[in-house]
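The following block contains the structure, expressed as structure tokens.
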Amino acid sequence: MDYILYIIIVLIIIYIIVKAIVMPRVKKKKAEELLSKYEEKGYKLSIGNKHNYDYILENEEIALFIKLITVPTNSQITINNVSTWILSWGGDPNKLGRSYPNERFMAEVIDFIKADYREDKTIIKLILIYPHTEKILRYINESELEIITPDKTPYGYKVTNFNKFDQDFDTIINIKSR
């Protein structure tokens with residue numbers, strides 16, 4: 001009986017180590033690999049240690065401030081207003097009319113959204129969802145929702161999924177879509 005208790009304790013410790021140390025390092029490494037590819041295209045990558053953004057990707061004209069947000073893959077993000085985001089997750093993805101039983105406010109985006117970056121370049125704020133979410137929605141009014149795509153700029157920032165960043169990059173930096 002004591003062995004079972006020890007095994008359970010060891011498994012809990014391993015789970016905590018993987019969740020708290022290994023997974024954030026993997027996420028950071030993948031993000032840096034993805035963004036460093038753009039250095040070949042003339043962009044400079046900077047890491048935002050101790051700032052409300054995670055990365056800056058910039059060239060002579062554009063400064064792309066990036067905030068990396070981790071969410072479950074079976075989730076949906078709803079943008080209620082400028083800084084109120086709700087993450088809903090869970091439920092059976094195979095059910096028609098699926099509901100998400102779990103929900104929380106995404107306080108991690110507030111400081112980034114409200115920040116005012118002063119530069120002599122065009123500033124683009126990007127919230128990068130890692131690894132990805134099923135839907136990103138925004139309330140237009142009390143009862144209407146619209147799907148957010150990288151060509152839309154709700155409240156002055158852009159939102160896209162990590163796994164679609166490469167295909168959305170040209171749309172994200174397109175100043176005319178702002």
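Spot the failing condition for residue 143; the list is (1) touching a helix residue (DSSP H, G or I) at 6+ places or on another chain (Cβ under 6 Å); (2) farther than 16 Å from residue 56 by Cα, and only one is missed.
Single failed check for residue 143: (1).
Take the residues in region 82-91 that are assigned to a loop (DSSP other than H, G, I, E, B) and under 19 Å from residue 69 (Cα atoms); name whichever of them is modelled with the highest pLDDT.
Ranking the qualifying residues of region 82-91, first place goes to 84.
Got a number for residues in region 56-80 being among the small types (Gly, Ala, Ser) and either over 13 Å from the mean Cα position of the chain (by Cα) or on the phi > 0 side of the Ramachandran plot (or both)?
Residues that pass the stated criteria total 1.
One residue is enough: does region 92-101 have a residue meeting the conditions at pLDDT below 95 and assigned to a strand (DSSP E or B)?
Kept after step one, since they are at pLDDT below 95, are these residues of region 92-101: 92-101.
Filter again for assigned to a strand (DSSP E or B), leaving none.
No, the conditions are met nowhere in region 92-101.
Something else now. Within region 91-118, track down each residue that is touching a residue at least 24 places away in the same chain (Cβ under 8 Å), under 15 Å from residue 56 (Cβ atoms) and either among the aliphatic types (A, V, I, L, M) or surrounded by fewer than 13 Cβ atoms within 10 Å (Cβ to Cβ) (or both).
Passing the criteria: only 115.
A follow-up question, please. Can you find, within region 30-58, the residue that is surrounded by the fewest Cβ atoms within 10 Å (Cβ to Cβ) among those that are of a type in the set (A, V, I, L, M, F, W, C) and assigned to a strand (DSSP E or B)?
Taking the candidates together, the pick is 47.
With the requirement that a residue be basic (Lys, Arg) and not in a strand (DSSP E or B), what does region 104-140 give you?
114, 118, 121, listed by residue number.
Which of the residues that make up region 119-170 are β-branched (Val, Ile, Thr), surrounded by 13 or more Cβ atoms within 10 Å (Cβ to Cβ) and free of Cβ contacts under 8 Å to residues at least 24 places away in the same chain?
Listed by number, the list holds a single entry, 149.
If you don't mind, there's one more thing I want to ask. Being over 22 Å from residue 104 (Cβ atoms) and within 14 Å of the chain's Cα centre (by Cα) is the filter here, so list the residues in region 42-55 that pass it.
Correct list: 55 only.
Okay, next question. Quick one: would you say residue 150 is within 26 Å of residue 34 (Cβ to Cβ), in contact with a strand residue (DSSP E or B) (Cβ under 6 Å, 6 or more places away or on another chain) and either modelled with pLDDT of 90 or more or not polar (S, T, N, Q) (or both)?
yes
Find the residue count for region 59-75, including only residues that are in a strand (DSSP E or B) and not aliphatic (A, V, I, L, M).
Going through region 59-75 one residue at a time, the tally reaches 4.
The values are calculated or read from the model by the stated rules, or taken from the named source; none is laboratory data. What you are looking at is a predicted structure, and each value in this text was computed from that prediction instead of being measured. A quick note on method: Cβ atoms are made from the backbone with ideal geometry, for glycine too, and the neighbour counts reach across all protein chains shown.
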